[in-house]
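Quick note: the coordinates plus some simple rules give every number you see, no bench work behind them. Note that the coordinates shown come from a computational prediction; the quantities given were computed from them, not determined experimentally. In this analysis, Cβ positions are derived from the backbone assuming ideal geometry, glycine residues included, and neighbour counts consider all displayed protein chains.
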Amino acid sequence: MGYNGNGKRMHYSSVNRSDVPQGRKGKHRKAVSDILGDLSQLDARQAVKIPLSSLKGEKVQNLRSALNRVTRERKIPVVTSSDEKYLYVWRADAPKTTGE
């Protein structure tokens, strides 16, 4: 049990908001950053090919979720696919205009 600044008993301890770390630095941060860096260097017809063995026991679903959070935030449309050995990531095609 913790106490707040007024001496009232609480279930959890408290901390000043200025002492709270800002931003999310999850364990997939480096992998997502590396994927986006590689993706930015490819042309529209290429995909990044990530060996699942390089995930060091992490689930591909968790990496996909982390990648999805970042790409939505940055408004980078990407597509992913995977097989038994690799995760593939590429930029989504731009929406086609009808010319009307």
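In order along the stretch 69-86, phi translates into HN-Hα couplings of 4, 5, 5, 5, 4, 8, 6, 10, x, 10, 10, 10, 8, 8, 10, 5, 10, 9 Hz, rounded to whole numbers, per the Karplus curve 6.51 cos²θ - 1.76 cosθ + 1.60 with θ = phi - 60° and x for Gly and Pro. Hey, quick one: spin label on TYR86, modelled 7 Å out along Cα-Cβ, who in the stretch 25-54 has an amide N within reach, i.e. under 13 Å? Taking a point 7 Å out along Cα→Cβ of TYR86, the residues of the stretch 25-54 whose backbone N falls under 13 Å are 46-53.
The phi torsions of the stretch 53-62, fed into the Karplus equation with coefficients 6.51, -1.76 and 1.60 and a -60° offset, translate into couplings of 5, 7, 7, 6, x, 6, 7, 4, 5, 5 Hz, rounded to whole numbers, with Gly and Pro shown as x. Note on the stretch 27-91: Cα-only Rg and Dmax are 10.9, 30 Å.
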